[in-house]
1. Using the Cβ atoms and a cut-off under 14 Å, what net charge is assigned to the surroundings of ASP208, where Lys and Arg are +1 and Asp and Glu are -1?
2. With N set to the number of residues, divide the alpha-carbon radius of gyration of region 151-393 by 2.2 N^0.38 Å and report two decimals.
3. With labels modelled as points extended 7 Å from the Cα through the Cβ direction, what inter-label distance (nm, one decimal) is found for ASP332 paired with GLU350?
4. Which of the residue pairs LYS125/LYS294; LYS295/LYS367; LYS156/LYS192; LYS299/LYS327; LYS226/LYS342; LYS226/LYS367 have a Cα-Cα distance greater than 18 Å in the structure shown?
5. Under a Cβ-Cβ cut-off of 9 Å, what is the net charge of the residues other than ARG337 that fall near it, where Lys and Arg count +1 and Asp and Glu count -1?
6. THR23 to HIS186: extension gain in nm, 0.36 nm per residue of separation minus the Cα-Cα distance?
7. In nm, to one decimal, how far is the modelled label at GLU152 from the one at GLU32, with both set 7 Å along Cα→Cβ?
8. Given H placed on each backbone N at 1.01 Å, which residues far from GLU220 in sequence or on other chains put an amide H within less than 5 Å of it?
Amino acid sequence: MPVAAPASSWLAVAGRSSTSAMTRLMLGRTLERICKGVLLLCLLHFLIMMILYFDVYTQRFDLFSRFNNGRNGSRNNISGAAGNGHHFYFYNLSRPNATLASYLATGEQLVPSTQPETNQTPSPKPLPPCPEIPPGLVGRLLIEFSSQMTMERVQKENPNVTEGGRYTPPDCRPRWKVAIIIPFRHRENHLKYWLHYLHPILRRQRIDYGIYIINQLGEETFNRAKLLNVGYTEALKEAEYDCFIFSDVDLIPMDDRNLYHCYDQPRHFAIAMDKFGFRLPYAGYFGGVSGLSKKQFLKINGFPNEYWGWGGEDDDIYNRITLNGMKVSRPDVRIGRYRMIKHERDKHNEPNPQRFNKIQNTKNTMKKDGISSLTYRLVQVKKYPLYTNISVEIGKPPPRPFKG
C-alpha cells in the first residue's frame, strides 16, 4: 500500500512553481515595455524623416523652378545666337563652402556668367599678430670677426630674404614695418659681417623689414645725419614704412632680445658698446643705433643736415627729442650690448670743430635745418639679394669762416 507524501513537500513544490511563474510574468512585462519603447522611437524617427523629406523636397522644387525659368530665358538667347552673335550663358551655382539651401535662405538671384567656374579655393585666413616676445629668440650671442666672410655665404644663410633685403614673417602679422638705414662709404668688409649677423637676428624677431645702404659718392666730407635723412626719404618711396632704425655699419648687437622695432618713445639701442666698457658714456648719448617712428621723426624735423665730419649730430638729435617733449627709451644694459668692428678713422671724416657750437644752438636751428630742408641728387638705386644700395651726392660743407 503506497504511503502518502507529507504535506510540507507539496507546499514546497507549490511555492517554487509560484515563484517561477512570477519571474516569468515580470520578464514578460519588461520585454513588452521595451518593445513599446522601441516602437515609439521608430515612429518618432519616421515622423522626423518625413518632415525633413518634405522640407528638402519643397526647397528643391523651388530651386528647380527658378533654374528652369532662367534656362528658358537662356534658350531664347541661344535661339537667336546664330543671327545676333550672342554668347551662351551658364548659371554659376558654385560658391566656396555654400549649399543650395543657403542660396534660398539669402534670397540671392542666380546670376548668369559667361563660363562655368570650377576649382574655386577659399580665401586664406588672416594671419594672427606676431607675439610681442618672439618665441625663437636665442638671447646672448657670440660675435666674432676673425672668420672669412663673403656675400655668397651670407646669401646662402638667408634664403628667405628677398631681393633688396626684404623679409616678412610668413606665419604672423608684425605690428611695425621697419626700414633699417645705414650711412655708408667704403665699408664693404664691415657690411658683410653686419648682414651675416643681422639678417638671422631680424628674422628671429619676426620683423617685417627692408635694409637700405645709403652710399655717399665722391670724397667730400662725410655727413652721417644727412645720409640718414636721405635714407628716410628714399625708403618711403619703396614701401609704407612706419618705423625707422638708423644703424652704423660697424655695430653688431650681442643679444637678439634687443628688438629692432619702434616704441612709444624714441629708442636708443646701442647703450653698452665694448669700446665704452659696455657702459653708456654719458646720459645724453644717442649714437650708434637708434630708432624712431615716422611720427616721431617728423615731429623733430628729422636730423640735422649741417654736421659735416665726425661727431655732434647724435647730441643734436637727442636735443631735438627732449625739446619736443619726448624722452629717450633704452633696453636693459644687459641686453643693449654691442660689439664694434675695429677700424681706422675714415678719410674725409675728421672731427667737426664746429660741433660744440652747433649743439648749443639746436633749439634755434632744428625747425629750419632737417628733413624739411633736405637736398641731394639721387644717382642710382640698385637692389641686391641682401640689401638695397642707394647712391647719392649730398654736396659739400660750406666754406669755414676765415680767422684773421
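Laboratory data are not the source of any read-out in this text; all were calculated from the coordinates shown. Quick caveat: nothing in here was measured; it's all calculated off a predicted structure. Quick reminder, even Gly has a Cβ in these numbers, built from the backbone with ideal geometry, and neighbours come from all protein chains shown.
1. So the environment of ASP208 carries a net charge of +3.
2. 0.95
3. 4.5
4. Working: LYS125/LYS294 30 Å; LYS295/LYS367 16 Å; LYS156/LYS192 13 Å; LYS299/LYS327 13 Å; LYS226/LYS342 24 Å; LYS226/LYS367 15 Å.
Correct reply: LYS125/LYS294; LYS226/LYS342.
5. +1
6. Length gained, THR23 through HIS186: 48.1 nm.
7. Each label point lies 7 Å from its Cα, and together they span 9.7 nm.
8. Correct list: empty.
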